[in-house]
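To keep things clear, I will list the structure first and then write my remarks on it.
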Amino acid sequence: MTLIVAVLAGVALDERNNAQDERAQAQRETVKTRSLALAASSLEPLRTRPEVSLALAFEAYRESPRPEASAAVIQALSATRRS
């Protein structure tokens, strides 16, 4: 009986660890997706409202300093200097 309880406890712990790993992965993916969406959104107002573009690009970079976010910041800074 004790062996069965120990095995079930081990299985439960393993399942909990798997769930925690999956949740952490989902959170990382959410951050990545949000950063990419903000970086993409920063391109639309680039010519007409470069300050909005810059704010979106900075937020994308703050969310996750991905290459796409870095490129968006550089593009927005360039557009802001031209305006």
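Which one is surrounded by the most Cβ atoms within 10 Å (Cβ to Cβ) among residues in segment 30-62 that are assigned to a loop (DSSP other than H, G, I, E, B) and among the charged types (D, E, K, R)?
Out of the qualifying residues, it is R49.
Looking only at segment 63-82, which residues are part of a helix (DSSP H, G or I), out of contact with any Leu (no Cβ under 9 Å at 6 or more places or on another chain) and within 21 Å of R34 (Cβ to Cβ)? Those that are part of a helix (DSSP H, G or I), out of contact with any Leu (no Cβ under 9 Å at 6 or more places or on another chain) and within 21 Å of R34 (Cβ to Cβ): P67, S70, A71, I74.
Does A9 meet the test of being touching a residue at least 24 places away in the same chain (Cβ under 8 Å) and either part of a helix (DSSP H, G or I) or loosely packed, with under 13 Cβ neighbours inside 10 Å (or both)? Against the criterion (touching a residue at least 24 places away in the same chain (Cβ under 8 Å) and either part of a helix (DSSP H, G or I) or loosely packed, with under 13 Cβ neighbours inside 10 Å (or both)), A9 does not qualify.
Each value in this text was obtained by applying a stated rule to the coordinates, not by laboratory testing. Just so it is clear, the model here is predicted, and its values are computed rather than measured. Note that each Cβ is placed from the backbone with ideal geometry, even for glycine, and that neighbours are counted across all protein chains shown.
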